[in-house]
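Colleague: Here it is, the structure, as structure tokens.
Quick note: the coordinates plus some simple rules give every number you see, no bench work behind them. Please read all numbers here as calculations on a predicted model, not as lab measurements. Every residue, glycine as well, gets a Cβ built from its backbone with ideal geometry; the counts of neighbours run over all protein chains shown.
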Amino acid sequence: MTNGKKDIEAVRARVGEIASEYNERGDAMGWFDALYKEAAGDTEMIPWADLEPNPYFKQWAETNGLKGDGRKALVVGCGLGDDANYLNDLGFEVSAFDLSPTAIEWAKKLYGTEKVQFEVMNLFEPPRGWIGAFDFVLEIYTIQPLPIEMREDAIDAVARFVKDRGELVVVTRGREDDEPLDQVPWPLSRKDLSRFQVSGLQQKDFVVCPAENDGEPDRWVITYAKA
Ligand SMILES: C[S@@+](CC[C@H](N)C(=O)[O-])C[C@H]1O[C@@H](n2cnc3c(N)ncnc32)[C@H](O)[C@@H]1O
């Protein structure tokens, strides 16, 4: 670490090592919990952990005057729970899940168990009661680190939480359709995202945000609605 700030290159290199190690063993999702465990409560070791809402989503929420008014929200792959906590502040009744038990334990320590219902859950094995059950679904950076072969299934799995007339917001790194994939996290292309339409959602808004850090791909904030 340098000057108490995340040494992002070193942290990302370590993430790449752990992810490759697990992927080589044929375990594409085991590395998340391994990383959270290795971090042992140090957020500096988790590249996506800011202890505050995702800035691109927050900007979108402020621009659109997002308010919960008691509606039900779900945060997919919630990590340490910053965005779930933010949605609670905006007046949603929030559920949030992550595959990693360590992340969920950490989120509960940070934000308690009263305001957000935090659950350990695999995106691909949701409880039946959660299908089509949420007015507002938020997915930030969960699809992009999963192997590309899982992309369509991951998109279908996210889409099915949305209630009729509900809304989904996706925040992701973006890439051109023909841009080669380099290393984890693998940004999404417009072609990848078109799967949400196949899954029954309509694209309502597409915002391109220049990345806060130089040299990184743009972030896309895409809004979908279910008719
Ligand atoms: C890149 S992190 C982003 C975390 C959080 N959304 C954020 O922006 O801070 C991806 C998260 O998805 C979780 N995850 C990965 N695969 C998952 C799955 N199949 N089901 C649920 N969560 C998953 C990981 O444990 C990790 O916390």
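Colleague: Which helices count as membrane-span-like in the chain under these terms: full DSSP H, at least 20 Å along the axis by C-alpha, Kyte-Doolittle mean of -0.5 or more?
Modeller: Qualifying helices: 8-24.
Colleague: A 28 angstrom limit on the alpha carbon distance is what I want to check against. Which of Lys58/Lys163; Lys58/Lys115; Lys72/Lys204; Lys109/Lys163; Lys37/Lys191 exceed it?
Modeller: Checking Cα-Cα distances, Lys109/Lys163; Lys37/Lys191 exceed 28 Å.
Colleague: How many nm separate the modelled label positions at Arg12 and Asp182, each set 7 Å beyond the Cα in the direction of the Cβ?
Modeller: 0.7
Colleague: While we're here: Can you tell which of Ala211, Phe124, Ser189 lies farthest toward the positive end of the dipole of the stretch 50-226, using +1 and -1 charges on the Cβ of basic and acidic side chains (Lys, Arg; Asp, Glu)?
Modeller: In the stretch 50-226, that residue is Phe124.
Colleague: Follow-up. What fraction of the DSSP beta bridges in the stretch 50-226 is antiparallel, stated in percent and rounded to the nearest 5?
Modeller: 40
Colleague: Using a basic spin-label model with each label point 7 Å from the Cα along Cα→Cβ, how many nm lie between Asp42 and Asp164?
Modeller: 5.2
Colleague: Obtain the nm distance between the two label points defined at Ala227 and Glu21 by a simple spin-label model: each point lies 7 Å from its Cα along the Cα-to-C-beta direction.
Modeller: Here the modelled spin labels are 4.9 nm apart.
Colleague: Under 5 Å between amide H atoms, partner at least 5 residues away or on a different chain: which partners does Gly166 have, H built in plane at 1.01 Å?
Modeller: Lys226
Colleague: Just want to confirm a number: the relative contact order over the stretch 50-226, from Cα pairs under 8 angstrom separated by 6+ residues, in percent. Can you show the working numbers first?
Modeller: Values: 351 pairs, mean separation 32.3, N = 177.
Contact order relative to length: 18 percent.
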